[in-house]
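Visitor: Take this structure first; my questions come after.
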Amino acid sequence: MNYPFAMFRLARLDSSGVRQLPLNHLPWICICHVSLLGLIYGGTAAWLSRDMLLGPGLLKLTLAGIPVAFLMHAGAALFIWVFLKALSGNTPFLAVYFTIGVAAISLWPAAPFLAILQAPSPPGPAIIIVCGITGLYGLAVTAKMIQHALELSFVRMVTALSVAVLYIGCFLYLWM
């Protein structure tokens, strides 16, 4: 199975296509997906800040999105791995890390809206609604990907993901 077909199936909430990809390609797919997620986020933030920054500052802000995306990706993978470890016992961290990285393609549509939400000017209700919808879609794809890749029952997957999302949400609330 080729990459575009597997990603098309993943976008339709069917993660079985990803299982057909060679295992040695998953780290590279993870790196590409998370890097592009960071570029989309950083590029949108740079575009919104173009009046304050000039020349190299815009490029630096755009490229700064990549480490931010990898930091958030690693943090989410670590939280989910901890809660999966508590439920199922023997889930390897790299399996969770690469699974979430491959599923990061579903967060590409949410990245610009998240950058708009974090901009200094207040966003309109339409931006908030679209960000919520695209974020929920990304969460649904990630959940299906985790469930299928790690062969979890629906209850274990929902429990681990719910606790992780609640914990991450509380952490982000306290951070801001």
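Visitor: Among the helices (runs of 4 or more DSSP H) contained in the stretch 1-89, which hold 2 or more residues that are β-branched (Val, Ile, Thr) and at pLDDT below 85?
Guide: The qualifying helices (runs of 4 or more DSSP H) are 56-88.
Visitor: Show the residue pairs that are 6+ apart or on different chains and have beta-carbon atoms under 7 Å apart, the first residue being within the stretch 16-43 and surrounded by 14 or more Cβ atoms within 10 Å (Cβ to Cβ), the second being polar (S, T, N, Q) and assigned to a helix (DSSP H, G or I).
Guide: Close Cβ pairs satisfying both conditions: Leu39/Thr62; Gly42/Thr62; Gly43/Thr62.
Visitor: While we're here: Scan Leu152, Leu107, Leu174, Leu139 and give me the residue that is more than 17 Å from the chain's Cα centre (by Cα) and surrounded by 11 or more Cβ atoms within 10 Å (Cβ to Cβ).
Guide: Unique residue meeting the criteria: Leu152.
Visitor: Same structure again: In the stretch 92-103, what residues are buried (at least 22 other Cβ atoms within 10 Å of the Cβ) and under 21 Å from Leu166 (Cβ atoms)?
Guide: Once the filter is applied, which keeps residues that are buried (at least 22 other Cβ atoms within 10 Å of the Cβ) and under 21 Å from Leu166 (Cβ atoms), the stretch 92-103 yields Val96, Thr99, Ile100, Ala103.
Visitor: If the Cβ limit is 9 Å and pairs must be 6+ apart or interchain, which residue in the stretch 112-123 that is over 17 Å from Leu61 (Cα atoms) pairs with which residue that is hydroxyl-bearing (Ser, Thr, Tyr) and assigned to a helix (DSSP H, G or I)?
Guide: none
Visitor: Pro67 fails exactly one of the following numbered conditions: (1) surrounded by 15 or more Cβ atoms within 10 Å (Cβ to Cβ); (2) within 29 Å of Pro120 (Cα to Cα); (3) of a type outside the set (Lys, Arg); (4) under 17 Å from the mean Cα position of the chain (by Cα). What is the number of that condition?
Guide: So the condition that Pro67 fails would be (1).
The values are calculated or read from the model by the stated rules, or taken from the named source; none is laboratory data. For clarity, every value in this text was computed on a predicted model and none was experimentally measured. Every residue, glycine among them, receives a Cβ derived from its backbone with ideal geometry; neighbour counts consider all protein chains shown.
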